Structure formats: structure tokens, C-alpha cells
1. If R0 is 45 Å, what FRET efficiency do you get for ALA27 and GLU181 from their C-beta distance, rounded to 0.05?
2. Per residue, how much accessible surface does the chain expose to a 1.4 Å probe? Answer in Å², no decimals.
3. Test of understanding: what is the full-extension gain from LEU208 to ILE57, defined as 0.36 nm times their sequence separation minus their Cα-Cα distance?
4. Using packing as a proxy for protection, rank 130-143, 237-250 so that the peptide with the highest average count of other Cβ atoms within 10 Å comes first.
5. Just to be sure I understand the curve: with the Debye formula and one point per C-alpha of the chain, what is log10 I(q)/I(0) at q = 0.10, 0.11 Å⁻¹?
6. At 7 Å along the Cα-to-beta-carbon direction for both ASN125 and SER198, put a label point, then send me their distance in nm to one decimal.
7. Under 5 Å between amide hydrogens, which residues at least 5 positions from PHE30 or on another chain qualify, with H placed 1.01 Å from N in the peptide plane?
8. How do 156-164, 185-193 rank on mean C-beta neighbours within 10 Å, highest first?
Amino acid sequence: MTPSLCAIALASLLAQNPKTLDSLVTAGEFSGVVLVAKDGVPIFERAYGLADREARIPNTIETAFNLGSINKFFTQIAIRQLANAGKLDVDSSLARAWPDYPNQDVARRVTIRQLLQHRSGVGGNIFGAPPGKTRGDIRRLADYLPLFVNEPLLFEPGTNQRYSNAGYIVLGLLIERLSGEDYYDYVRRHIYEPAGMSRTASWTVDSLPPNRAFAYPPGGGGGAQDAPPSTPLGRNSTLLPGRGSSAGGGYSTAHDLLRLINALRANKIPGGPSAGAVGIAGGAPGLNAAMEGDLPGGYDVIVLANLDPPAAERVARSVRGLLGARD
């Protein structure tokens with residue numbers, strides 16, 4: 001079946017779905033972008049809802065969305081690149097890679113692999129504000145460190161697994177230390193640029209580019225003109241740091257994420273996994289993103305939303321189910 005016929009068939013399947021995308025939008029349960037590709041080429045792409053509810057600006061296929069924790073995927077690739085270059089051993093202690101890490105008890109007991117796998121026991125709240133400052137003052141990875149660095153381990157490393165945003169801040173700072181580059185510059189030069197991702201970055205909150213989506217959690221502040229009365233929506237601006245991090249909060253577009261999957265498929269990114277290993281999601285109040293590569297039949301699915309989880313993940317599961325029905 002040619003790509004154009006695939007697109008028609010897929011659109012028809014989506015229209016036949018009992019809970020269509022249009023109905024989800026009407027119910028206030030989806031706002032964002034859906035892209036489906038076959039063999040790396042888009043066959044279905046559509047935008048829904050508003051990127052800026054206050055200004056009534058619609059989402060488009062080129063709108064940039066906050067990815068949440070999908071940024072951790074870029075951090076993982078960067079660590080593998082440095083390991084492949086002989087700059088670190090993922091099974092060594094943090095102390096070996098970072099001898100003057102401010103919490104020596106943690107550094108001696110935790111390995112890099114445990115940080116990657118959320119098995120380190122490193123805890124702490126990265127969503128607070130630095131002493132005497134606001135969340136908006138966070139502009140560098142180093143600004144996050146005081147929020148958790150003195151916290152004791154939550155458990156003996158390797159004995160448990162608990163999601164750790166703080167652990168990925170440590171990994172980002174380690175990337176800076178070992179590469180000699182700012183984290184944001186490193187991932188741009190070594191991941192985004194080789195993949196051709198020109199609309200992907202961790203922009204500061206006061207320098208967001210045009211055509212980006214604001215995130216809208218229920219009761220997030222501000223007024224949303226078309227939100228259902230029972231779930232008032234407002235921007236999550238007060239929840240966001242001044243800049244995203246190696247743990248999450250950067251922005252990208254559906255097309256850029258497809259470029260990433262295609263670059264992985266073509267082995268253009270050193271240290272990157274296979275496209276088939278891409279099955280990741282990210283979410284926070286007012287934002288949700290999901291991407292999967294090399295699904296059966298040669299499909300890739302990317303869904304980005306500027307509403308609470310599971311807005312994007314729900315749609316991705318539905319689309320995946322429809323594709324499965326066609327294999």
C-alpha cells in the first residue's frame with residue numbers, strides 16, 4: 001500500500017474509533033499533535049486544540065511542546081557516548097567519575113549505571129526553589145544541585161528502584177564535567193544536530209520561541225476560555241523552572257522527534273539505541289508526550305499534548321491498537 005493510501009486507511013480507522021480524536025478534543029481530553037509514520041515517512045499528521053488558549057492560537061504540526069521526562073532519553077545517549085569515548089565507566093562509582101562531588105557518602109556508594117536505572121537511591125525535590133530565589137531563577141543545571149545534594153540516600157543503592165529526577169540532574173552535571181561543555185550545548189551538538197532537530201531545545205521561560213504550546217493543567221492559573229466548567233484550565237507557568245534540565249522540561253516538535261527516530265534507524269547518532277528501542281513518555285502537570293519507534297509494520301507513533309497525562313499516552317495507545325489491527 002502506498003503512503004497516501006495508508007494515510008487514507010489510517011484516517012478512516014481513526015474516524016471509526018468509538019472515541020475519536022475529535023471527540024476527545026471536544027471533551028477537553030486532548031489538545032496537541034498526532035504523527036504516524038511508516039518506514040520513516042509521515043502518513044498521518046494532524047494538530048488539535050489550542051497552543052495558547054488566552055490568545056486563541058491553535059496548535060499546528062510544527063508547534064513545539066514541552067517533552068517532560070523524554071529529555072532523560074537524550075541524557076542517556078550522552079552518557080553512553082562518553083562511556084564509548086572512554087571518559088567514564090558506567091559501573092564505576094560516582095566518586096571515581098566526580099571526585100569532588102559535594103556529598104561524598106552518596107558519591108562513594110552510587111554507580112553511574114544505578115543513576116541511569118533509577119536504582120541509586122538519590123532523592124530530593126528538584127521542583128522547589130533555590131534558597132532565597134524563585135523557580136524562575138533556575139537557568140543552569142548547577143542551580144538544581146542545592147535542592148537535593150545534601151539529602152541522604154532513600155535506600156541502599158541497587159536494592160530498590162525509585163524514579164529519580166535528581167539522579168538525572170547528577171548525570172547531566174557529570175556530562176558537563178567530563179565533556180567540558182555546557183549540557184545544553186552538548187546534547188545540541190552531539191544529538192540534535194546530527195539528527196537534524198532544529199526545533200528542539202531547553203529554552204528559558206522568557207525566551208520561548210513563537211509557535212510553542214503552553215501547558216494547561218486543571219486549575220493551573222490564568223483563564224482558559226474554552227475549558228469545561230468542571231475542569232478550569234490555566235497555564236502551568238508558576239510550576240516551571242526558568243529552564244528545563246537533563247531530567248526533563250525541554251521542547252521539541254513531532255517532526256523533530258521523527259527525525260530523531262530516523263537518525264537512530266540510520267545509525268547517525270553515536271551511542272544511540274536502535275529505533276525499535278524507542279518507547280518512551282514524559283509528563284507533568286499540563287503536558288504529556290509519547291513516542292514509539294519501529295512498531296510492527298514499520299510504524300512510528302508520536303503524540304504530543306499540552307494537557308495533563310495521560311492525554312498523549314492514551315491517544316498513542318489507541319493509535320497503536322489501530323495499527324496492530326492492520327498488521
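1. For ALA27 and GLU181, the calculated efficiency is 0.50.
2. On the way: 13600 Å² over 327 residues.
It amounts to 42 Å² per residue over the chain.
3. Gain on extension, LEU208 to ILE57, equals 52.9 nm.
4. 237-250, 130-143
5. Listed by q, the Debye log ratios stand at -0.59, -0.71.
6. 4.2
7. For PHE30, whose amide H was placed from the backbone, the distant partners under 5 Å are VAL25.
8. Going by the mean number of other Cβ atoms within 10 Å, highest first, we get 185-193, 156-164.
The values are calculated or read from the model by the stated rules, or taken from the named source; none is laboratory data. Remember, predicted model here, so these are calculated numbers, not experimental data. All Cβ positions, glycine included, derive from the backbone under ideal geometry; neighbour counts span all protein chains shown. In case anyone asks, the SASA skips ligands and DNA or RNA and just uses the protein heavy atoms, side chains included. Shrake-Rupley method; radii C 1.70, N 1.55, O 1.52, S 1.80 Å.
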